[in-house]
1. Residue 53 to residue 76: FRET efficiency via 1/(1 + (r/R0)^6), r the Cβ-Cβ distance, R0 30 Å, to the nearest 0.05?
2. Can you give the extra length, in nm with one decimal, that the chain gains between residue 64 and residue 31 once fully stretched, where that is 0.36 nm per residue apart less the Cα-Cα distance?
3. Could you order peptides 59-72, 32-45 by the average number of other Cβ atoms within 10 Å of their residues, highest first?
4. When the Karplus curve 6.51 cos²θ - 1.76 cosθ + 1.60 is applied with θ = phi - 60°, which whole-Hz ³J(HN,Hα) does each residue of the range 65-77 get, with x for Gly and Pro?
Amino acid sequence: MKKRFSMVFTGLALSVFMSQAAVASEMPGKALHEQADCMKCHAAKPYDPSKTDTYPKLVKMVQFCNDNLNAGFFEDEVEQLAEYLNKEYYKHPM
Ligand code: HEC
């Protein structure tokens, strides 16, 4: 009985882990966003779709913060971050 429980538990833990991995690979920008601690500033300064009102501008703003922070993201990572922010906050046509 006890053994069976632990097997179910391991299976559950594994599937939670795997679904998280799937989310991360689906939306790499989300992980980058957490890793770079963007919310350190942007929790107090919410992303504003009326300010950054097109997708190309959004990419530029991500690049701007990347440069300012010396975060050192590559171009494709900036793109992934912009994609994530667009999906979560801005919802501009791409
Ligand atoms: C040290 C504080 C700070 C950090 C950390 C920071 N930013 Fe910013 N961010 C700013 C400031 C200042 C502005 C420009 C002022 C404004 O638009 O409110 C800005 C503007 C932006 C904008 C446009 C804002 C809008 O309203 O549309 C985006 C998008 C953005 N940052 C993305 C990021 C991303 C992605 C990261 C993490 C890699 C990040 N920022 C980390 C300070 C920061």
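1. The computed FRET efficiency comes out at 0.80.
2. 10.0 nm
3. Numbers: 59-72: 14.9, 32-45: 12.6.
In decreasing order of mean packing, 59-72, 32-45 become 59-72, 32-45.
4. 5, 4, 5, 4, 7, 6, 5, x, 6, 6, 4, 6, 6
Laboratory data are not the source of any read-out in this text; all were calculated from the coordinates shown. On a predicted model such as this, the values are computed, not experimentally measured, just so you know. For neighbour counting, all protein chains shown are included, and Cβ atoms are generated from backbone atoms with ideal geometry for every residue, glycine included.
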